[in-house]
Amino acid sequence: MIARGKARIVLALVAALVATAATVLLPYVLGQLTDVVFAGAIGSRLPSGVSLDQVVDAYRAGGDDLTANLVARSGAVPGHGVDWPELWTRTGQGFGLIAAILAARSTSGLLLNAFVQDTVRRIRTALERTVHRLPMSTVDGGRRGHILNTTTVDVDNLATAIGPVFVQLPVIVATIVFVLVALGLVSPFFLGVAVASVPLVVIASVLVLRRARPHMQRQWSTTSDLTAHIEDVYSARDMLAAYAAHDGPARNFDRLNTRLAHATRAGQTWSGSLSPIMTVCNALVFIAIAVFGAVKMLDGAVTLGALQAVVMYASQLSNQVSSLASTLPRLQSGLVSYGRVREFLAQPAESAPAIDDPPPTSSGRHSRPPRIVFDDVSFSYGADRPLLDGVDFVVEPGQTVAIVGASGSGKTTITSLMQRFYDPDAGSITVDGSDIAGWTRTEARTQLAVVAQEPWLFSGTVGENIDFGGDARSDVIDEIVAVLPGGRGTRVSGDHDTLSAGEKQLVAVARALAARPRILILDEATSAADPRSELLIQRGVSELRRRTTSVVVTHRRSTLALADRILVLGGGRIVESGTLDELTASGREFARLQGMPL
């Protein structure tokens with residue numbers, strides 16, 4: 001696929017250069033055609049039987065040097081009109097060049113478009129692959145809006161620079177070089193006139209683009225911030241409405257929007273100033289060539305056809321310089337987005353990400369429940385954020401262990417370590433005596449089913465979300481589906497507004513039941529459930545206990561009552577352990593967390 005892309009861009013460039021060469025040759029051929037017609041028009045008016053030199057001498061003897069100069073350079077044959085064979089030859093050459101230009105440009109355009117779209121597709125694929133390989137710490141610390149902006153807006157803007165980099169800029173440079181060479185062949189004098197403006201154009205381009213670059217960088221970084229802000233506000237619109245808190249986000253939006261407008265205006269002002277500067281330079285060159293060309297022709301230094309070719313070359317040079325003026329800012333803007341995309345792709349990947357794992361040899365379903373051991377496990381999110389310090393506990397096969405603790409004590413972190421979203425800094429986590437650090441992430445996660453406090457459901461139907469876990473059926477799943485307004489066909493939107501928080505938790509529990517896991521993790525899975533929903537969830541957990549070892553993060557006493565043992569986290573360690581009755585009677589940390597008098 002990459003080789004095919006390289007072949008396309010090489011062929012597109014070759015076709016574009018062919019069109020360029022034909023475009024540069026066309027003025028020469030048209031100039032020759034003009035000379036044929038001009039020579040025929042003059043020759044038909046001259047007396048036959050004499051030589052051209054004799055006619056020229058006669059005009060000079062009569063004091064008409066101007067006509068003598070024109071006749072001398074015309075190549076006319078006295079008494080003969082247009083050389084029709086030569087005229088048709090030049091006409092055919094002109095039409096042939098025009099056809100070649102059209103064919104080559106069309107071919108180049110089609111190949112370039114195919115290359116650009118294929119390149120953009122591969123860039124988006126690389127971005128998508130990178131997202132799945134980012135460490136969880138990177139994902140947790142970022143904003144979804146920035147990723148969305150990079151994979152959409154920045155890629156689209158980058159696409160506008162691919163054509164200029166690989167084809168348009170080389171063609172512009174080649175055209176300018178070809179035109180200058182052609183001018184030099186026609187007349188070194190006109191070449192000097194054209195080249196005189198080059199230093200001014202180069203200096204202006206460098207100064208303008210250097211001034212525009214920081215504004216373009218601020219434009220695209222602010223666009224990313226604005227995208228992230230809109231995504232955040234849209235996701236939290238219910239909360240904003242409930243608290244009537246629209247003013248703060250609106251002010252932040254106005255600030256970002258104003259900054260974006262200023263950056264865009266400044267960048268476009270500087271970039272836009274390049275075109276007028278080059279237009280003025282081109283106009284001066286064109287006027288100089290036209291004036292000096294007319295004088296040269298009247299002096300007999302060049303023919304009418306040569307003057308016509310020079311004027312056309314001057315026009316081509318002007319067009320290419322104008323194209324360069326419009327291409328360079330677009331190229332610079334695209335390169336800014338390229339830098340942002342490249343920076344995203346250069347982020348360090350997670351070691352042995354799950355997406356690269358081979359398919360597991362066995363999912364572990366329908367197997368006996370495992371024994372889970374946390375042995376002196378320590379973990380921190382950074383040097384300044386220690387969280388777990390020597391955590392030890394054992395969950396026997398088929399047991400349900402509940403974990404309680406103050407907010408930020410590390411309860412969810414323990415479940416994240418079990419899922420290998422992170423690995424312990426010290427200690428080990430074993431399942432049936434096997435350290436999960438030696439497993440692939442896929443092997444670890446296929447043992448698990450997880451129901452989080454805020455479960456994520458995919459857009460589609462409830463049935464499709466449940467079947468994502470597996471195709472198992474049970475009475476509890478049927479009861480959960482029955483309480484939903486549309487049963488398995490209940491629609492779920494992207495942001496889940498069609499279901500209440502409790503209904504979402506029910507669907508997530510049904511999905512976990514369908515997965516038939518060896519290990520079940522419930523992280524505040526009943527926090528939004530009403531009594532009936534909580535009863536259904538408890539029945540589901542009880543159904544799984546025959547074949548599942550369960551870890552439950554909860555503070556609900558009704559759920560804690562189902563646990564075989566409760567672990568109390570405090571200060572990064574397990575500070576208490578026991579049944580609900582034992583911990584309640586102890587009057588220590590657990591009682592404090594439950595709001596009971598000590």
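The values are calculated or read from the model by the stated rules, or taken from the named source; none is laboratory data. The structure presented is a predicted model; accordingly, all values stated were derived computationally and were not measured. Because the Cβ atoms are built from the backbone with ideal geometry, glycine has one as well, and the counts that use them run over all protein chains shown.
Considering the stretch 545-598, there are no qualifying helices (runs of 4 or more DSSP H) wholly inside with 3 or more residues that are over 52 Å from the mean Cα position of the chain (by Cα), touching a residue at least 60 places away in the same chain (Cβ under 8 Å) and surrounded by 15 or more Cβ atoms within 10 Å (Cβ to Cβ).
Within the option set SER51, SER74, SER108, being hydroxyl-bearing (Ser, Thr, Tyr) and surrounded by fewer than 14 Cβ atoms within 10 Å (Cβ to Cβ) holds for one residue only, SER51. Based on what the data block shows, is SER322 polar (S, T, N, Q) and in contact with a helix residue (DSSP H, G or I) (Cβ under 9 Å, 6 or more places away or on another chain)? Yes: the conditions hold for SER322.
Screening PHE393 on (1) within 32 Å of the chain's Cα centre (by Cα); (2) hydrophobic (A, V, I, L, M, F, W, C); (3) at pLDDT 90 or above shows it passes everything except condition (1). Note on the stretch 94-137: among residues that are farther than 30 Å from THR413 by Cα and among the β-branched types (Val, Ile, Thr), the one that is farthest from the chain's Cα centre (by Cα) is ILE98. Candidates in the stretch 88-101 are the residues that are polar (S, T, N, Q) and touching a residue at least 24 places away in the same chain (Cβ under 8 Å); of these, the one that is surrounded by the fewest Cβ atoms within 10 Å (Cβ to Cβ) is THR91. Filtering the stretch 488-505 to residues that are surrounded by 14 or more Cβ atoms within 10 Å (Cβ to Cβ) and either among the basic types (Lys, Arg) or over 21 Å from GLU524 (Cβ atoms) (or both) leaves ARG488, THR490, THR498, LYS504.
Rundown of residues vs (1) in contact with a Pro (Cβ under 6 Å, 6 or more places away or on another chain); (2) within 25 Å of GLY184 (Cα to Cα); (3) modelled with pLDDT under 80, yes/no style:
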position: TYR28; (1), (2), (3): no, yes, no
position: ASP35; (1), (2), (3): no, yes, no
position: GLY49; (1), (2), (3): no, no, yes
position: VAL55; (1), (2), (3): yes, no, yes
position: ARG60; (1), (2), (3): no, no, yes
position: SER74; (1), (2), (3): no, yes, yes
position: HIS80; (1), (2), (3): no, no, no
position: GLU86; (1), (2), (3): no, no, no
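Looking only at the stretch 308-320, decide whether some residue is over 30 Å from GLY272 (Cα atoms) and surrounded by 15 or more Cβ atoms within 10 Å (Cβ to Cβ).
Within the stretch 308-320, one or more residues are over 30 Å from GLY272 (Cα atoms) and surrounded by 15 or more Cβ atoms within 10 Å (Cβ to Cβ).
Only one of the listed residues (ALA7, ALA39) is surrounded by fewer than 17 Cβ atoms within 10 Å (Cβ to Cβ), of a type in the set (A, V, I, L, M) and without any contact (Cβ under 8 Å) to a residue 60 or more places away in the chain. That residue is ALA7.
No other residue among VAL171, VAL177 is closer than 30 Å to ALA306 by Cα, among the hydrophobic types (A, V, I, L, M, F, W, C) and more than 30 Å from the chain's Cα centre (by Cα) apart from VAL177. Determine whether ALA290 is small (Gly, Ala, Ser), assigned by TED's automatic domain parsing to the domain that holds VAL36 and closer than 22 Å to GLN32 by Cβ. For ALA290, the condition - small (Gly, Ala, Ser), assigned by TED's automatic domain parsing to the domain that holds VAL36 and closer than 22 Å to GLN32 by Cβ - is met.
Is it the case that PRO485 is in the same structural domain as GLU396 (by TED's automatic domain parsing) and under 27 Å from ALA561 (Cα atoms)? Taking the combined requirement at face value, the residue does not satisfy it.
Given the structure, is ASN149 within 30 Å of ARG420 (Cα to Cα) and either crowded, with 20+ Cβ neighbours inside 10 Å or not β-branched (Val, Ile, Thr) (or both)? When the stated conditions are applied, ASN149 passes them. Among the numbered conditions (1) loosely packed, with under 15 Cβ neighbours inside 10 Å; (2) touching a helix residue (DSSP H, G or I) at 6+ places or on another chain (Cβ under 6 Å); (3) aromatic (Phe, Trp, Tyr), the only one that TRP84 does not meet is (2). Once the stretch 339-377 is narrowed to residues that are among the hydroxyl-bearing types (Ser, Thr, Tyr) and surrounded by fewer than 14 Cβ atoms within 10 Å (Cβ to Cβ), the residue that is modelled with the highest pLDDT is SER351. Counting only helices (runs of 4 or more DSSP H) wholly contained in the stretch 155-241, the ones carrying 1 or more residues that are among the charged types (D, E, K, R) occupy 155-163, 198-235. For the stretch 296-336, filtered to residues that are assigned to a helix (DSSP H, G or I) and of a type in the set (Ser, Thr, Tyr), the residue that is farthest from PHE178 (Cα to Cα) is SER333. If you go through the stretch 14-32 one residue at a time, do you hit one that is among the small types (Gly, Ala, Ser), under 26 Å from PRO85 (Cβ atoms) and in a loop (DSSP other than H, G, I, E, B)? Checked against the condition, which is being among the small types (Gly, Ala, Ser), under 26 Å from PRO85 (Cβ atoms) and in a loop (DSSP other than H, G, I, E, B), the stretch 14-32 yields no hits at all. The criterion of at least 3 residues that are among the small types (Gly, Ala, Ser) and within 38 Å of the chain's Cα centre (by Cα) is met by none of the helices (runs of 4 or more DSSP H) wholly inside the stretch 396-493.
Would you mind finding the one in PRO78, PRO135, PRO85 that is farther than 26 Å from VAL18 by Cβ and without any contact (Cβ under 8 Å) to a residue 12 or more places away in the chain?
Only one candidate qualifies: PRO85.
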